[in-house]
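Taking it in order: structure first as structure tokens, then the write-up.
Nothing in this text is a laboratory measurement; each read-out follows from the coordinates by a stated rule. This structure is a prediction, so every number in the text was calculated from the model and none was measured. Cβ: placed from backbone, ideal geometry, glycine included. Neighbour counts: every protein chain shown.
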Amino acid sequence: MRSLICLLLFLPVLGVASAPEVQAILGSKVVIQYEGSRLTLAMGEQRGGVKLISIRDDRVTLEVRGEQGHYRLGERRSMSTKFTSPEPAVLRLNADRLGMYQTQGSINGAPINFLVDTGATTIALNSRDARRLGIDFRRSGKPVMLTTASKKEMGYRVMLNKVQVGNIVIYDVMAVVLDNKHFPQKALLGMSFLNRVDMTRSGNSLLLKKRW
């Protein structure tokens with residue numbers, strides 16, 4: 001019995017590992033404590049099995065051994081050491097008869113139809129869609145003057161918590177809401193989202209693949 005107890009004491013503990021602890025947020029960098037090491041990570045940088053995905057206020061998104069999670073400043077929690085490789089986040093779109101790419105998606109969990117627009121700097125919404133999605137753009141947004149194809153429009157710059165198309169999920173995405181109920185007619189999936197995916201055209205198809 002004594003030898004069995006000694007053997008058990010020296011067996012490695014499996015199944016639980018310490019999670020990263022966010023100790024400081026320094027602009028676009030974070031300082032974390034993970035598995036006995038203190039790491040400073042810049043946006044998109046990976047060290048010690050941890051990659052910095054995004055920063056918003058006191059919330060940090062990290063990828064740890066292939067799995068993403070959200071951590072708040074000073075928060076510590078345990079994580080399972082059993083990790084599975086995530087499925088590739090990809091979406092293939094076929095052009096419509098006008099050569100445009102459209103897709104269903106969601107903003108902050110609410111459904112929305114998108115038109116892919118590489119000429120749009122950010123995601124763009126009309127005010128009616130924004131209200132339906134629960135975006136209080138007048139209170140939380142920053143007023144901006146926007147130049148459209150035909151005229152100048154008043155708008156509001158806002159931050160979207162979560163944007164999803166297919167199985168591609170991007171957090172903390174910049175958008176503008178135009179102070180117009182009808183323009184744009186369809187939500188524009190602009191470069192604030194598209195810059196964070198790889199785009200490959202092949203014939204009439206457009207393949208989107210999440211970069212990080």
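Arranged from fewest to most other beta-carbon atoms within 10 Å of their beta carbon, Tyr34, Tyr156 become Tyr34, Tyr156.
3J(HN,Hα) along the stretch 170-184, derived from phi through the Karplus expression 6.51 cos²θ - 1.76 cosθ + 1.60 where θ = phi - 60°, amounts to 10, 9, 6, 10, 6, 8, 10, 10, 7, 7, 8, 6, 10, 10, x Hz, with x in place of Gly and Pro. List the aspartates and glutamates whose alpha-carbon lies under 14 Å from that of Lys186, not counting same-chain residues fewer than 8 positions away? Lys186 reaches Asp117, Asp129. Bridging of Lys181 to lysines at a Cα separation below 30 Å is possible for Lys142, Lys151, Lys152, Lys162, once same-chain residues fewer than 8 apart are set aside. Each of Asp172, Asp198, Asp129 has some number of other Cβ atoms within 10 Å of its Cβ, and from fewest to most they run Asp198, Asp172, Asp129. For the stretch 20-26, 3J(HN,Hα) computed residue by residue from phi via the Karplus equation (6.51, -1.76, 1.60; θ = phi - 60°) reads x, 10, 7, 9, 7, 10, 10 Hz, glycine and proline entered as x. Going by neighbour counts of Cβ atoms within 10 Å, the residues His182, His70 line up, fewest first, as His182, His70. For the stretch 113-127, the Karplus equation 6.51 cos²θ - 1.76 cosθ + 1.60, evaluated at θ = phi - 60°, returns couplings of 9, 10, 10, 5, 9, 6, x, 8, 5, 9, 4, 10, 10, 7, 5 Hz by residue, with Gly and Pro reported as x.
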